[in-house]
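Below: the structure, in structure tokens.
The values are calculated or read from the model by the stated rules, or taken from the named source; none is laboratory data. Small disclaimer: the values here were computed from a predicted structure and weren't measured. Cβ sites come from the backbone with ideal geometry, for glycine too, and all protein chains shown count toward neighbours. To get the accessible areas, we keep the full protein, side chains included, count just its heavy atoms, and leave off ligands, DNA and RNA. Shrake-Rupley method; radii C 1.70, N 1.55, O 1.52, S 1.80 Å.
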Amino acid sequence: MTALNRAAGTPYWPLTDCHKIIEPNMIRSIKLCGYRGLFLEPYASSLQLISNYASTKANLNVQSLPRLPVPKLNDTLNKYLKTVKPFLSDEEFANTAKLVNEFGSQGGVGIKLQSLLEKRAEKHVNWLEEWWLNTAYLEYRDPVVVYSSPGLVFPFRKFNNQDEQLHYAAKTLLASLEYKALIDGDKIPVEMMGKSPLDMSQYKKIFGTCRIPCEKRDKLSFNDTKYFTVIHNNHIFHVDLWGNDNKRLSEDQIVHALKKVIELSKSPATEAIGVLTSDNRDNWAKAYQALSKDKVNRESLGDVERSLAVLCLDAACGLWRAADKGARQTLAAAQTIHGGGSAANAANRWFDKTVQFIVGADGVTGLTYEHSPAEGQPIAVLTDFIINYIDKGKSSTESSSSPKDPVKLNFNVSSDVVDMISTAKTNVDKLVADLELNCFTFDKYGKNFIKSQKLSPDSYLQMAMQYAFYRLHATPGAHYESAATRMYTGGRTETIRSCSPESVEFARAMLDAGRAPHLKLHAMRQAIDAHKNYTVQALQGFGVDRHLLGLKLIALENGIEIPKLYSDEGYRRSAHMRISTSQVACKCDGFMCYGPLVVDGYATCYNPRDDDVNFGTSAFRRHPDTGCGPYRGALERSLHDMHDLLLLAAKSKL
């Protein structure tokens, strides 16, 4: 369970979902400020970060975007009551409504908290940004592996030999440098939501960023350098991508450097330092402190933290022995999320780095990213850029006349740290054993068919998940979908509460054999429209979850007793997100995947393409009520049912 589920009853997944409403024809460029080598302790907003680097108090809002609004209290409470209704009996709902009315009445504590929150908003360019980074990420103590960091699977490759693997890896590095050059040159087109430009500051945080473990609250380090960290056989290397003549290395020169890395790490490292980054954050913080007592260790840790990103040259995992594409997708998802365990590739990682590129010996390619600095949008754009770069056969025309040799990073490991490594291996192996994955391509139709029915593809797929959950469990499932609030400065996400009275009625209608087709169709359209309407509100910052979180945190900040609303069954059940979802749209045949929010839940990340949809689903094996196999079956059947109903409607002119 996540930090915000425990502390505030609010899910934390901020994977972006703005792709479906970006209008490419409205893209324009805008100049963004940059930063170099900054260390946040304990926190500074992205906009404050820019200001600090520039040593100026000039306009912090470099894109002149509007501030995140504080919604009106009554609007949020009325919306909240509708979202909790599916989870309560009539008697329970009456009690919840009474608590809500007391909270929002004149003289109620909600009025006081709203006033305090509005005053906070006057003093911050984004009243939520600092709270969100801290509570959703830096103070979250469970491992980033499975619980926070997603994996993103690239289209499969078949490497016939090591040389092919290393050339692919070199091209990945070169493509990422080209992408970084666009970011540094402020040439990434500004994304739009309708006529509104979106905050682009997250793009500046992809490269050179590292999360630093600290007890209770982690830190973020931002850097700009000219080298990558490369990990092979659990050994860690500094690999410069520029030579002594300040010219970038060519593809062949990078391959030569990677071959030296492999020569220097033929056997697995005696002590796999990287596996420590997969552990509970406080465990890792203690190990980090123990390591940092030694000068050599401090230098090695700092070298990894300052690198642009990590390249993981993984051992083979049996990709092409898998039975079919779905089995390969599932195997690759496991490699990108957790590396398959300590005996496989889980120790061949540095999970604190924002981006880790994965290039496996038998063709598993992709990345895993640490979520605190950015959402999925910059990562998805990066993915398509890399795939296009590689598929077009591009290669660097530059060549250094004096390339530098890779440098192996050394660690002096005490007996205490040896024990900590052993504990981390045990813990990550437990996580690997507990996480069930089932990834697949639904190839019967994609977003083109859904659009042909004049329906929102995202809302349609969300209702298919609602229908699937109800089919399996005969009860509504609290359902999280992320909505990007980047139309505001420093915007991150808001929750789309996809479970609604309309979605429940739709699921019941579809499962009622006696219900007439035209009534089922009406229920489907009502549910899709309700979801679409909530999505529009959430994208504008007018969902219920972030506002309620803000009211709770302002109470804590001012020593005010937490209102009973937050311990009520309506709040608890509606925020126990048994379905955690996000649309991460890549043009390529890739997909993202991550772990569930709650122990009795499912995760579903999806990439809707023109004629198919890639799904990455997961569940925890420890819970008897959830399993990926039944969930996938229910989801596929729901998608078939909805398709057939629409075709019947068209044929019968319902």
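Each residue of the range 104-115 in order: what ³J(HN,Hα) in whole Hz does its phi give by Karplus 6.51 cos²θ - 1.76 cosθ + 1.60, θ = phi - 60°, with x for Gly and Pro?
x, 6, 4, x, x, 5, x, 4, 5, 5, 4, 4
What's the carbon and sulfur percent of the range 134-437's accessible surface, probe 1.4 angstrom, rounded to a whole number?
Details: 4730 of 10090 Å².
Here it works out to 47 percent.
Given Cβ point charges of +1 (Lys, Arg) and -1 (Asp, Glu) and nothing else, what value in debye, to the nearest 20, does the dipole of the chain about its Cα centre take?
Working: 79 positive and 73 negative charges, 200 e Å.
My answer is approximately 960 debye.
Hey, which of these cross-link pairs are over 28 Å Cα-Cα: Lys195/Lys219; Lys447/Lys653; Lys259/Lys325; Lys204/Lys451?
Beyond 28 Å: Lys195/Lys219; Lys259/Lys325; Lys204/Lys451.
Suppose only helical runs count, i.e. DSSP H with n ≥ 4. What mean residue ellipticity at 222 nm does that imply for the chain under -39500 (n - 2.57) per run, divided by all residues and rounded to the nearest 500 deg cm²/dmol?
Using -39500 (n - 2.57) per qualifying helix, the result is -13000 deg cm²/dmol.
Among Asn126, Pro476, Tyr147, whose Cα projects farthest towards the positive end of the dipole of the chain, with charges put on the beta-carbon of Lys, Arg (+1) and Asp, Glu (-1)?
In the chain, that residue is Asn126.
Considering only Ile254, Leu73, Thr354, whose Cα is most displaced toward the positive end of the charge dipole of the chain, charges sitting on Cβ of Lys, Arg (+1) and Asp, Glu (-1)?
The one lying farthest along the dipole's positive direction is Leu73.
Checking the cross-link filter: which aspartates and glutamates have an alpha carbon closer than 15 Å to that of Lys520, excluding same-chain neighbours under 8 positions apart?
Candidates past the 8-residue exclusion: Glu502, Glu505, Asp512, Asp529, Asp641, Asp644.
Which one is right for this structure if mean projected area of the Cα convex hull in nm² is calculated from it: (i) 39.1; (ii) 29.2; (iii) 32.6?
The calculated read-out lines up with (ii).
Could you give me the ³J(HN,Hα) list for the range 165-182, computed from phi with Karplus coefficients 6.51, -1.76, 1.60 and θ = phi - 60°, whole Hz, x at Gly and Pro?
With the stated coefficients, the range 165-182 comes to 4, 6, 5, 4, 4, 4, 5, 4, 5, 5, 5, 5, 5, 4, 5, 4, 4, 5 Hz.
I need the shape label for the range 134-437. Rule: rounded when a/c is under 1.5, else prolate if a/b > b/c, else oblate, with a, b, c from the alpha carbon gyration tensor.
Numbers: a/c = 1.22, a/b = 1.16, b/c = 1.05.
The shape class here is rounded.
If you count only protein heavy atoms with a 1.4 Å probe, what accessible area per residue comes out for the range 489-584, rounded to a whole Å²?
I get 35 Å² per residue for the range 489-584.
Please list Phe440, Phe385, Phe159 from largest to smallest accessible area, probe radius 1.4 Å, with all protein chains kept in place.
The residues order as Phe385, Phe159, Phe440, largest area first.
Between the range 352-390 and the range 558-579, what is the separation of their alpha carbon centroids in Å?
The range 352-390 and the range 558-579 have Cα centres spaced 35 Å from each other.
So how much accessible area does Trp320 have, in Å² to the nearest 10, using a 1.4 Å probe?
We get 100 Å² for Trp320.
Quick one: ranking Ile450, Ile562 by accessible area, 1.4 Å probe, largest first, what do you get?
Listed by decreasing accessible area, they come as Ile562, Ile450.
Compute the distance from the alpha-carbon center of the range 582-603 to that of the range 173-205, in whole Å.
About 23 Å separates the Cα centre of the range 582-603 from the one of the range 173-205.
Where both partners of a DSSP beta bridge lie in the chain, what percent of those bridges are antiparallel, to the nearest 5? Kindly include the intermediate steps, with their values, before the conclusion.
Details: 51 of 69 bridges.
Around 75 percent of the beta bridges assigned by DSSP in the chain are antiparallel ones.
Over the range 547-623, what percent of the accessible surface lies on carbon and sulfur atoms, probe 1.4 Å? Mind showing how you got there, number by number?
Working: 1040 of 2300 Å².
Answer for the range 547-623 is 45 percent, counting heavy atoms of protein chains only.
For the range 134-437, what is the accessible area per residue in Å² when the probe is 1.4 Å?
I get 33 Å² per residue for this part.
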